Amino acid sequence: MELDPRTTALVAVHCQGDIVGPTGAFADFFHQQVTERKVIDHIAALITTARTARATIVYTRVAWKPDFSDLDVNSPLLGIVAQSGCLKEGSELAEIIEPLIPHDEDIVLTHQRIGAFARTDLDTILRSKGITTVLFAGVATNASVEGTARVASDLGYRVVIVEDACSAATPTAHQASIDSLSLLADISTVDEVRAALTARVTSTRT
């Protein structure tokens, strides 16, 4: 794998307390696989390497107004949000979790749909930075990761799914999504991505 940090963005999807945390609204769905697959540790390692290589780092987070006036419940997943009253803007569990806190130079994009391109400036932001390759990590593989990655592919980006830095509610759901995405994206690992970013930095400095 070859990656140019100057044209590469790492997108960390929904690393928020309500989604990946042990006490969040979606803990019963996602926390076990997040823990077993060491997703947070893997994303942290990716971010550290990407930051050192000076790649663009994007965090996507989903949050709604406290009164949910901007929540359109058109799917069972968003119905859970409405029923549980989670992911309200300003609440602690709607924020990025402590081990992955963004730096000032990182991009934090808040959206209200499953995919991060819908009704946002994500495409404009990436193009303004000259991004042509987008790496995806986060939760859930078969929902927001896949939904955002598919649009990225349609928009012409080279898409890379960092498989061991993603998880879903079950291993079966995760694998089915990966199998589907393999038709649209490169499926890679944390070690492969870190090696590619590090190799590029090393070759640039020599």
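Figures for the structure shown
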item	result
Nearby aspartates and glutamates by direct alpha-carbon distance to LYS88 (threshold 16 angstrom, same-chain neighbours under 8 apart not counted)	ASP18, ASP67, ASP70, ASP72
Between region 55-70 and region 128-206, the Cα center-to-center distance that results, in Å	20
Under-5 Å amide H pairs with PHE136, H placed in peptide plane, nonlocal only	VAL11, VAL160, ILE161, VAL162
Region 18-66 - accessible surface per residue (Å², probe 1.4 Å)	44
Of all DSSP beta bridges in the chain, antiparallel share, percent nearest 5	5
Calculated Cα extents along the principal axes in Å (choose from (i) 55, 34, 32; (ii) 53, 50, 33; (iii) 65, 34, 30), label	(i)
For GLU89, residues with placed amide H under 5 Å, excluding near neighbours	TRP64, LYS65
Inter-part distance where region 84-101 and region 1-50 are each reduced to a Cα centre, Å	14
Residue-averaged 222 nm ellipticity for the chain, from DSSP H runs of 4+ at -39500 (n - 2.57), nearest 500	-11500 deg cm²/dmol
In sequence order, calculated HN-Hα J values of region 87-102 (Karplus, 6.51, -1.76, 1.60; Hz; x Gly/Pro)	6, 7, 4, x, 7, 4, 6, 8, 8, 4, 5, 3, x, 10, 3, x
The chain - charge dipole about Cα centre, Lys and Arg +1 at Cβ, Asp and Glu -1, debye rounded to 20	520
Burial order of peptide ranges 156-166, 70-80 (average beta-carbon count within 10 Å, highest first)	156-166, 70-80
Set of region 165-189 residues, backbone N closer than 11 Å to the point 7 Å along the Cα-Cβ line of GLU36	168-174
For THR110, distant residues with modelled amide H under 5 Å away	ARG61
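The values are calculated or read from the model by the stated rules, or taken from the named source; none is laboratory data. Predicted model only: the values in this text are computed from it and were never measured. Using ideal geometry, Cβ is built from the backbone for each residue, glycine included, and neighbour counts are taken over all protein chains shown. These accessible areas exclude ligands, DNA and RNA; they are computed on the full protein's heavy atoms, side chains included. Shrake-Rupley method; radii C 1.70, N 1.55, O 1.52, S 1.80 Å.
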